[in-house]
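Chemist: Please see the structure below; I have some questions.
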Amino acid sequence: MAGINVNMPDELRKFVDEQVKLKGFATPTEYVRQLIRDERKRAAQDKLEQLLIEGLESGPATVLDEEAWDRIERDALKLIAARQKEGH
């Protein structure tokens with residue numbers, strides 16, 4: 001596991017120590033790890049919302065019939081086969 005050292009003013013360190021006690025973390029490291037996990041989750045949620053908005057703004061939905069789904073499946077299988085052949 002990689003380590004990282006973070007220097008901060010005494011005021012921030014005091015805040016971190018208070019949060020560790022208040023929220024039941026064993027160490028400041030655990031608290032910071034949770035902050036990073038929460039931020040990663042928030043970023044993933046933001047990305048999902050962005051993709052949903054793009055989808056909504058992309059125009060009206062198109063109903064796909066069985067023939068269209070078959071074509072999509074064939075194209076996907078071709079892509080998979082090509083990637084496997086390339087060694088991916």
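Chemist: Tally time: how many residues in the stretch 13-35 are within 18 Å of Gly3 (Cα to Cα), of a type in the set (A, V, I, L, M) and exposed (fewer than 10 other Cβ atoms within 10 Å of the Cβ)?
Modeler: Number of matching residues: 1.
Chemist: Going by the structure shown, is Gly3 loosely packed, with under 10 Cβ neighbours inside 10 Å, out of contact with any His (no Cβ under 7 Å at 6 or more places or on another chain) and of a type in the set (Gly, Ala, Ser)?
Modeler: It is true that Gly3 is loosely packed, with under 10 Cβ neighbours inside 10 Å, out of contact with any His (no Cβ under 7 Å at 6 or more places or on another chain) and of a type in the set (Gly, Ala, Ser).
Chemist: Would you check if Leu56 is within 24 Å of the chain's Cα centre (by Cα) and surrounded by fewer than 10 Cβ atoms within 10 Å (Cβ to Cβ)?
Modeler: yes
Chemist: Does Ile72 meet the test of being over 30 Å from Val20 (Cβ atoms), within 20 Å of the chain's Cα centre (by Cα), surrounded by 10 or more Cβ atoms within 10 Å (Cβ to Cβ) and not aromatic (Phe, Trp, Tyr)?
Modeler: No; evaluated as a whole, the condition is false for this residue.
Chemist: Which of the residues spanning the stretch 75-88 are of a type in the set (Lys, Arg) and exposed (fewer than 10 other Cβ atoms within 10 Å of the Cβ)?
Modeler: Lys85, the sole residue that qualifies.
Each reported figure results from applying straightforward, stated rules to the coordinates on display, with no laboratory input. Quantities reported herein were computed from a predicted structural model and do not represent experimental measurements. No Cβ is skipped: glycine too gets one built from the backbone with ideal geometry, and neighbour counts run over all protein chains shown.
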